[in-house]
Amino acid sequence: MIRRRAVVSGEVQGVFFRDTCRRQAHAHGVKGWVRNCPDATVEAVFEGEPRAVEAMIEWVRRGPPAAEVSRVEVTEEEPVGERSFRVR
C-alpha cells in the first residue's frame, strides 16, 4: 500500500477533471480524494496498490480530454487507510 499526493497545474478546473478522476480511481481500485484549490490547481491523494497508484499519477499527467496539464507535483506520504475515493 502506498500514498501519493499530486498537485496538477494548467487548465484543469471546469473540464470535468475531478469527476473523471473519481471514475478512474474507482476503475483502478484506488482510494483517496480530489479537490479544486483556490489557486486554480487540482489536488488529489491516491492510496492503494503501487501499480494502481502509479496508473493514477500517469492519468493526472494527461487528465480528461478537455484539460491542458502543464505541471504535476507528486509527493510521497504515509498511507492513512482511506476507505473510498471522493470528490471534495
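The values are calculated or read from the model by the stated rules, or taken from the named source; none is laboratory data. For clarity, every value in this text was computed on a predicted model and none was experimentally measured. Because the Cβ atoms are built from the backbone with ideal geometry, glycine has one as well, and the counts that use them run over all protein chains shown. The accessibility values were calculated without ligands, DNA or RNA, using every heavy atom of the protein model including side chains. Shrake-Rupley method; radii C 1.70, N 1.55, O 1.52, S 1.80 Å.
Run the helix sum for the chain: -39,500 (n - 2.57) per DSSP H stretch of 4+ residues, divided by residue count, reported at 222 nm to the nearest 500 deg cm²/dmol.
Values: 2 runs with 25 residues, N = 88.
Taken over the chain, the calculation gives -9000 deg cm²/dmol.
Where is the GNM fluctuation largest for the chain (alpha-carbon springs, 10 angstrom cutoff): 12, 42, 74?
In the Gaussian network model the winner is 74.
Of the candidates 48, 63, 14, which one comes out as most mobile in a Gaussian network treatment of the chain with C-alpha springs shorter than 10 Å?
Highest fluctuation among the options: 14.
If you take every DSSP beta bridge fully contained in the chain, what fraction is antiparallel? Give it as a percent rounded to 5.
Values: 22 of 25 bridges.
Taking every DSSP beta bridge within the chain, about 90 percent pair in antiparallel fashion.
Which value in nm describes the separation of the simple spin-label points at residue 74 and residue 58, placed 7 Å from the Cα toward the beta carbon?
1.0 nm
If you plug each phi of segment 42-59 into the Karplus form 6.51 cos²θ - 1.76 cosθ + 1.60 with θ = phi - 60°, what whole-Hz ³J(HN,Hα) values come out, in order, with x for Gly and Pro?
Result, rounded to whole Hz: 10, 10, 9, 10, 10, 9, x, 5, x, 4, 5, 5, 5, 5, 5, 4, 5, 5.
Only one of the listed values, [x] 59; [y] 37; [z] 55, was derived from the coordinates as percent of Cα pairs over 17 Å apart; which label is it?
[y]
Just to check I understand the Karplus step: with θ = phi - 60° and J = 6.51 cos²θ - 1.76 cosθ + 1.60, what whole-Hz values come out for segment 74-88, glycine and proline as x?
With coefficients 6.51, -1.76 and 1.60, one gets 10, 10, 8, 9, 7, x, 10, x, 3, 10, 7, 10, 9, 8, 9 Hz.
Between 40, 55, 27, where does the largest GNM mean-square fluctuation fall for the chain, given springs only between Cα atoms within less than 10 Å?
Between 40, 55, 27, it is 27 that shows the largest mean-square fluctuation.
Tell me the carbon and sulfur percent of the accessible area for the chain, rounded to whole percent, probe radius 1.4 Å.
On the way: 2330 of 5060 Å².
Roughly 46 percent, rounded to a whole number.
Would you please give the FRET efficiency between residue 1 and residue 43, computed as 1/(1 + (r/R0)^6) with r the Cβ-Cβ distance and R0 = 22 Å, to the nearest 0.05? Present the calculation step by step, with values, prior to reporting the outcome.
On the way: r = 20 Å, r/R0 = 0.92.
Result of the calculation: an efficiency of 0.60.
Could you provide, to the nearest whole Å², the per residue accessible area of the chain with probe 1.4 Å? The partial results should precede the final answer.
On the way: 5060 Å² over 88 residues.
Result: 58 Å² per residue.
Over the chain, calculate the relative contact order: mean separation of alpha carbon pairs under 8 Å at least 6 apart, over the residue count, as a percent.
On the way: 189 pairs, mean separation 41.4, N = 88.
Contact order relative to length: 47 percent.
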